Amino acid sequence: MTSDDTGVVVPADSGGRRSSSALGRGVVADALRGVDPVGALGVERETNWRRGYLVHFRRVLEAGLTSRQAALTVAADGLDAVHRRMRYRRSDGDEGPLDAMLSHRSGPALSTVEIRGSGEPEAGFSLPLGGERLSGDALAHRLDAWAAGGVLEPSAAERVRTVMAHPEWLRLDGQTVVVLGAGAEMGPLQALLRWGARVAAVDLPRPDVWRRVLAAGRDRAGTLLVPVATDLTGADSDATAANAGLDLLTDVGAAAEWIRGLDGRVVLGNYVYADGVTNMRLSAAVDALTLSLQGARHELALAFLATPTDVFAVPPDAVAHAQRAYDERSRLARVLGRPLRTVSAGRLLRRQYVPGVQPGIHDALVPQQGPNYALAKRLQRWRASVARDAGSTVSMNVAPPTRTRSVLKNRALAAAYAGADRFAVEVFEPATANTLMAALLVADLNTGGGPSHEHPWQDEAYAAVHGGLWRAPYQPRSALGLAAVLGYGAARA
């Protein structure tokens with residue numbers, strides 16, 4: 001039996017076939033049914049989910065805009081649908097509900113290796129950018145420029161300035177941040193350790209990943225906690241790397257037990273990623289872990305990064321910025337835009353927002369990323385909304401488009417990112433993006449999750465670092481193909 005057949009799996013139909021498309025249709029239909037039964041019926045009748053999912057994910061967002069309660073109903077029903085449908089399959093073939101994995105442990109209890117870094121904590125916040133580290137006035141000017149240019153929301157710039165004014169926040173004293181997906185390029189592990197924080201790292205049992213993580217723990221200023229499969233007291237780094245880590249698809253029970261035993265206030269940070277349906281399986285596993293830990297540790301805080309390639313409601317100021325950009329586009333853009341729209345039947349270079357409609361709907365779903373990725377990320381947004389409504393501290397911030405390895409291995413996306421600057425979108429380097437998002441995490445954890453808002457869409461829009469996608473003149477998918485054409489040569493290089 002392969003790893004694809006065990007652990008958290010999508011449900012099988014009567015013929016034994018496991019279809020992620022059937023799962024996606026079922027979850028999205030269930031999420032809609034309580035507030036938009038017509039939309040739910042449309043999902044159930046969708047015959048080509050892999051191509052047709054885009055409109056339905058947008059409808060899920062729109063259905064929740066009518067009221068706060070509608071948004072929370074969508075989120076709660078969507079989460080419930082995932083937990084009812086997903087399954088846990090043991091290596092012996094026994095299969096049960098998703099939460100059955102919490103009582104199953106495939107190996108011995110985990111031990112902990114603690115590494116105290118040899119470095120000195122940074123005295124204040126600085127941001128790597130273009131081969132430099134910006135701090136003080138230089139960083140403030142960069143934040144001003146980004147806000148004025150529409151690269152991030154002004155509230156994001158203000159949050160970073162607040163962290164700059166409170167360098168003592170960076171250590172996160174009294175807190176332990178669990179970084180699920182410790183080796184992820186967009187995760188905060190490196191920054192938190194540099195600032196002197198206490199970090200519990202969780203990732204797959206892959207020695208190459210753990211050698212990088214352990215090196216960061218030794219060289220930086222924080223404390224790194226590593227789960228290992230055996231007692232390694234006095235062992236060297238090679239032995240630790242060889243025995244560290246766990247697979248959340250099969251070992252959530254062990255992870256839950258280990259995290260419950262951590263000292264201090266625990267922050268559960270979800271930065272996991274995998275390709276295809278495995279990403280959805282991982283997200284379901286982490287959500288089950290989240291529920292288990294919330295039951296055991298009522299002070300548990302949650303942290304996520306929202307993808308910029310999703311559907312969001314955006315504030316009037318962002319809509320107005322995009323309208324101005326469209327109205328003030330260059331003469332060349334106007335001349336070229338007309339024939340392009342004509343030959344494409346209106347699909348290319350469309351205006352981003354419908355004038356006068358508030359809030360604006362920003363739809364940057366990318367077909368190349370697929371419905372499994374969209375559902376996995378929407379699951380995180382639902383959990384953030386429900387947890388925040390229940391009184392938990394939640395850090396959920398929109399991260400910018402970033403040149404991560406997972407993006408660049410998709411040639412179409414890599415080309416589109418290379419040409420994105422032609423359409424007022426700034427793509428970030430990983431070191432800049434993950435440090436900036438770690439600063440927003442620090443701000444949230446030191447202010448109870450930030451200001452409260454009337455509606456969940458406003459919580460999601462607050463402090464968003466979208467790279468200009470929300471404030472660009474054109475609807476993203478209407479410019480994506482042209483950006484890819486223009487960026488193809490640079491992407492190959």
Note on Gly131: of the conditions (1) touching a Ser or Thr at 6+ places or on another chain (Cβ under 9 Å); (2) on the phi > 0 side of the Ramachandran plot; (3) free of Cβ contacts under 8 Å to residues at least 60 places away in the same chain, unmet is (1)
Inspect all residues belonging to region 124-140 and state whether any of them is in the same structural domain as Tyr462 (by TED's automatic domain parsing), under 30 Å from Leu246 (Cα atoms) and modelled with pLDDT of 95 or more.
no
Is it fair to say Val335 is outside any helix (DSSP H, G or I) and aliphatic (A, V, I, L, M)?
no
I'd like to know if region 370-392 contains one or more residues that are crowded, with 22+ Cβ neighbours inside 10 Å, touching a strand residue (DSSP E or B) at 6+ places or on another chain (Cβ under 8 Å), small (Gly, Ala, Ser) and outside the structural domain of Pro430 (by TED's automatic domain parsing).
no
Mind counting the residues in region 236-259 that are within 23 Å of Gln190 (Cα to Cα) and either basic (Lys, Arg) or assigned to a loop (DSSP other than H, G, I, E, B) (or both)?
5
Restricting to region 217-235, give me the number of residues that are free of Cβ contacts under 8 Å to residues at least 40 places away in the same chain and small (Gly, Ala, Ser).
1
I'd like to know if region 1-17 contains one or more residues that are touching a residue at least 40 places away in the same chain (Cβ under 8 Å), within 26 Å of Glu460 (Cα to Cα) and either of a type in the set (Lys, Arg) or crowded, with 21+ Cβ neighbours inside 10 Å (or both).
no
For the condition in a loop (DSSP other than H, G, I, E, B), charged (D, E, K, R) and farther than 21 Å from Gly468 by Cα, what is the one hit in Glu168, Glu122?
Glu122
Answer with yes or no whether Val398 is surrounded by 23 or more Cβ atoms within 10 Å (Cβ to Cβ), in contact (Cβ under 8 Å) with a residue 40 or more places away in the chain, within 30 Å of Pro355 (Cβ to Cβ) and touching a strand residue (DSSP E or B) at 6+ places or on another chain (Cβ under 8 Å).
yes
Unmet requirement for Ala318, which otherwise passes all of (1) assigned to a helix (DSSP H, G or I); (2) more than 24 Å from the chain's Cα centre (by Cα):
(2)
Pick out, from region 1-117, the strands (runs of 3 or more DSSP E) lying fully within it that include 2 or more residues that are of a type outside the set (D, E, K, R).
7-9, 95-97, 111-116
Failed condition for Arg477, given (1) buried (at least 23 other Cβ atoms within 10 Å of the Cβ); (2) at pLDDT 90 or above; (3) under 17 Å from Pro367 (Cβ atoms), with all others met?
(1)
Quick one: would you say Val160 is part of a strand (DSSP E or B), buried (at least 19 other Cβ atoms within 10 Å of the Cβ) and at pLDDT 95 or above?
no
If I filter region 131-140 for residues that are farther than 21 Å from His466 by Cα and crowded, with 22+ Cβ neighbours inside 10 Å, do I get at least one hit?
no
In region 35-51, what count of residues is obtained for those that are out of contact with any Gly (no Cβ under 8 Å at 6 or more places or on another chain) and surrounded by 16 or more Cβ atoms within 10 Å (Cβ to Cβ)?
5
Out of all the residues in region 310-356, which are of a type in the set (Val, Ile, Thr) and at pLDDT 95 or above?
Val311, Val314, Val319
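The values are calculated or read from the model by the stated rules, or taken from the named source; none is laboratory data. All values reported here derive from a predicted model rather than from experimental measurement. Every residue, glycine among them, receives a Cβ derived from its backbone with ideal geometry; neighbour counts consider all protein chains shown.
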